[in-house]
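Presented below is the structure to which this report refers.
Bear in mind that the values in this text are calculations on the coordinates, not laboratory data. Since we're looking at a predicted model, the values are computed, not measured. Glycine also receives a Cβ, built like all others from the backbone with ideal geometry; neighbour counts cover every protein chain displayed.
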Amino acid sequence: MDFSQLEALSGAYCNARVLHAAVLLDLFAPLAHGATADEVAAARALDPRATEMLLNAMASLGLLRKTGGRFAVAPEARPYLLPGAPEDFSGMIEFEAHAWGLWEGLPDAVRTGRPVRETRMYQRDPAETRRFILAMDALVRARGDAQWLAAHLDFAPVRRMLDVGSGPGTYPIGVCRAHPHVAATVFDLPGTLAVTREVVQQAGMTDRIALVAGDYRTDPLPTGFDLVLLSNVIHGEDEDRNRDLMARCFAALQPGGRIVVKDHILQEDGTAPVGGAVFSLLMLLTGPGRDYAFGEVAGWLKSAGFEPPVSTGLPPPFSSSLVVARRPA
């Protein structure tokens, strides 16, 4: 690492806060067809001078184009930043903006080994639950995870799919759209399912996707499935809970059925990929989990009775891997 890289790393938060502020102030909608700084300030009741400074910074980062004193959302950014676009990513940006304060507590978390806030799975406040669940939906839709999974995983033998800790239900929606013979069940906490129900209804999938309330940490899972999906679940739990969860998933599967774990899967030394190593610190700040190496996941699966798993790294822009194992027939 040279000095320029170190300097850029130390100040990277500044660029992130420009994007966060733009989303929190809802600036992209009035910029959809172009506007001056004064027009944007008037539309959002902002200070004109400060607004122009922020818009200039947004243009310098490639979020906007500036021509003759008018600003407009950059063409390449429009699919992700215009409200209501199919790949609108603003929900995830808003969630990350609200997570900003957590990172201030990182030194204390490292000193104590404890989270800097109460571990509650975003379930104590309905507004917080909604923000988190819709952020997960925005992330998966914008990046295309569900479409990739539906296209690259063999769903021919799957009739019934269980998505454990599904959140918004984005994965089963994508799978059911691509594979009309598949019916899915979402198993998640009651507060989460209040939001999931809206997402499933908007997708027109209420006849294909069932919602079952429960806590995968303590409640039995529904049974009789050909495939169980755990997407971005294991990083939220500690080793003992994950070992128990694999046994619960084993019991939920038909003989010959498969478990699919989609998550950041670290190299065995824990230092790569970068996204996974850094994301582990967010888990430290908010709960008992972290990201895990393939050897750890394989050990849990083996102890549950699964056949030896196979790990497949997903191509960019994805940041995770699939670990797939089969329950013996």
What ratio of Cα Rg to 2.2 N^0.38 Å holds for the chain? 1.07
Rounded, prolate or oblate (a/c below 1.5 giving rounded, otherwise prolate when a/b exceeds b/c) for segment 260-307 by Cα gyration tensor: prolate
Over the chain, with a Gaussian network built from C-alpha contacts below 10 Å, which listed residue (T206, T51, T112) shows the highest mean-square fluctuation? T112
Dimensionless Rg/Rh of segment 79-223, both radii on Cα and Rh by Kirkwood, sits at 1.01
Output the Kirkwood hydrodynamic radius of segment 1-154, Cα pairs only, in Å rounded to one decimal. 17.7
Residue-wise HN-Hα coupling along segment 94-105, computed from phi with Karplus coefficients 6.51, -1.76, 1.60 (Hz; x: Gly, Pro): 4, 4, 5, 4, 6, 7, 3, x, 4, 5, 4, x
Rounded to whole Å and ordered largest first, report the semi-axes of the equivalent ellipsoid of segment 3-81 derived from its Cα gyration tensor (root of 5λ). 23, 14, 12
Among the Cα-Cα pairs of segment 103-147, the proportion with separation greater than 18 Å, in percent, is 52
Please compute the net charge surrounding A277, taking Lys and Arg as +1 and Asp and Glu as -1 over other residues with Cβ under 14 Å from its Cβ. -3
Prolate/oblate/rounded label for segment 178-323 (Cα gyration tensor, a/c 1.5): prolate
Which percent of Cα-Cα pairs in segment 63-148 sits in each 10 Å bin, short to long? 15, 32, 29, 18, 5, 0
Tell me which residues come under 5 Å, amide H to amide H, from T36 once H is placed; ignore anything under 5 positions away on its chain. F71
Net charge of neighbours whose Cβ lies under 9 Å from the Cβ of A325, counting Lys and Arg as +1 and Asp and Glu as -1: +3
So what is Rg over Rh here for segment 287-329, counting just Cα atoms and using Kirkwood for Rh? 1.04
Gaussian network model of the chain, Cα springs within a sub-10 Å range: biggest mean-square fluctuation belongs to which of V199, V110, V233? V110
